[in-house]
Each structure stands twice: as structure tokens, then as C-alpha cells.
Amino acid sequence: MVFKGELLTGAVLAAFGGFVIYEAHALSYTSESGPGPGFFPLWIGIGIVVCSLALLYVYFFRTDGNSEETVKPSRVELTRALGAWLAFVATIVLLPLVGFGLSLGLLTAFLILVLDRRSSWAALGVALGLALGFHLVFVVALGVSLPAGPWGF
């Protein structure tokens with residue numbers, strides 16, 4: 001049997017989602033003050049399994065008549081996907097060095113400016129708005145400390 005990308009991806013994601021759900025059951029679902037440490041991993045695992053099952057459903061019950069035909073991504077699409085993954089890796093590397101706000105802002109600006117080819121004003125506005133929004137929600141409203149850079153943010 002020839003495995004196609006959708007089948008392999010769906011199976012791997014279903015297994016990974018099942019693993020996340022299994023591991024989440026070892027954590028408490030609730031705590032005295034609300035959701036416990038197992039709440040989000042459980043629901044993320046369920047979401048992964050549901051999405052992978054939808055992918056497998058589409059693979060097995062495709063009705064367009066082109067189930068044998070596989071569309072190959074173009075070089076531009078592969079380059080953009082690789083660029084996005086490398087941007088995420090760079091963000092993880094920069095996080096302890098420059099802090100959460102700046103690394104998130106740089107990631108957002110790169111994705112909008114370089115990969116989506118929008119204006120620099122749009123990239124700057126969304127990057128600042130997203131960094132400020134994360135700061136207001138997590139640091140101010142929820143009291144969660146995010147990694148800070150040498151400038152204190």
C-alpha cells in the first residue's frame with residue numbers, strides 16, 4: 001500500500017494527540033482557583049485528535065475523483081513554509097536574549113512583512129498590537145510573568 005502525505009500525517013498526529021491526552025490524565029484537571037495543569041493539555045490533545053481524524057476522513061472518503069493524484073507544492077510554497085519554521089526557531093532562540101515581547105514582535109513583523117508581503121506599517125502595527133495585547137492579558141490581567149529581555153519587557 002502506498003502511503004500518501006495526508007494518511008501519514010493524520011496517523012502521526014492522531015498518535016501524538018493520543019499521547020498528549022494520555023499524559024494529561026496524569027495531571028489534575030481542576031485546582032482550587034480554576035483549571036488545573038491538565039486542563040489545557042487535555043483539550044489541546046482532543047483538538048489534535050479531532051483535526052487528525054478530519055484529515056483521515058478526507059483522505060479515505062474523498063469524492064472529487066482525484067484520490068490518486070497528489071498535488072506537489074511549488075518551490076515558492078516550500079520556501080515560504082521553511083521560512084516560517086525557521087522564523088519560529090529563531091524566535092525560540094531569541095526569547096531568552098531579548099524577551100517575549102520583542103521576539104514575538106519580530107516574529108510577527110517577519111511573517112507579515114516578508115512572507116505575506118504586506119506593508120511595513122501593517123507589520124509594525126500588528127507586531128506592536130500583538131506584543132502589547134499579550135502583555136496586557138498575561139502580565140497585567142493574569143499576573144503571569146513572561147520572559148523579559150535586558151530592557152525589562
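Here are some notes:
- Residue count, the range 129-147 (criterion: surrounded by 12 or more Cβ atoms within 10 Å (Cβ to Cβ) and of a type in the set (Ser, Thr, Tyr)): 0
- Neighbours by Cβ (under 8 Å, 6+ apart or cross-chain): first from the range 27-52, under 21 Å from Leu13 (Cβ atoms) and not assigned by TED's automatic domain parsing to the domain that holds Gly17; second part of a helix (DSSP H, G or I) and of a type in the set (Val, Ile, Thr): none
Rundown of residues vs (1) surrounded by fewer than 13 Cβ atoms within 10 Å (Cβ to Cβ); (2) at pLDDT below 85; (3) touching a Gly at 6+ places or on another chain (Cβ under 7 Å); (4) part of a helix (DSSP H, G or I), yes/no style:
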| residue | (1), (2), (3), (4) |
| --- | --- |
| Tyr22 | yes, no, no, yes |
| Ser28 | yes, no, yes, no |
| Phe40 | yes, no, no, yes |
| Cys51 | no, no, no, yes |
| Arg62 | yes, yes, no, no |
| Gly65 | yes, yes, no, no |
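- Checking Ala87 against (1) of a type in the set (Gly, Ala, Ser); (2) touching a Phe, Trp or Tyr at 6+ places or on another chain (Cβ under 8 Å); (3) assigned by TED's automatic domain parsing to the domain that holds Ala15, the condition it does not meet: (3)
- Of the residues making up the range 94-110, one or more are surrounded by 11 or more Cβ atoms within 10 Å (Cβ to Cβ), modelled with pLDDT of 90 or more and among the polar types (S, T, N, Q).
The values are calculated or read from the model by the stated rules, or taken from the named source; none is laboratory data. Computed from a predicted model, the values in this text were never measured in an experiment. Cβ coordinates were reconstructed from backbone atoms using ideal geometry, including for glycine residues, and neighbour counts include every protein chain displayed.
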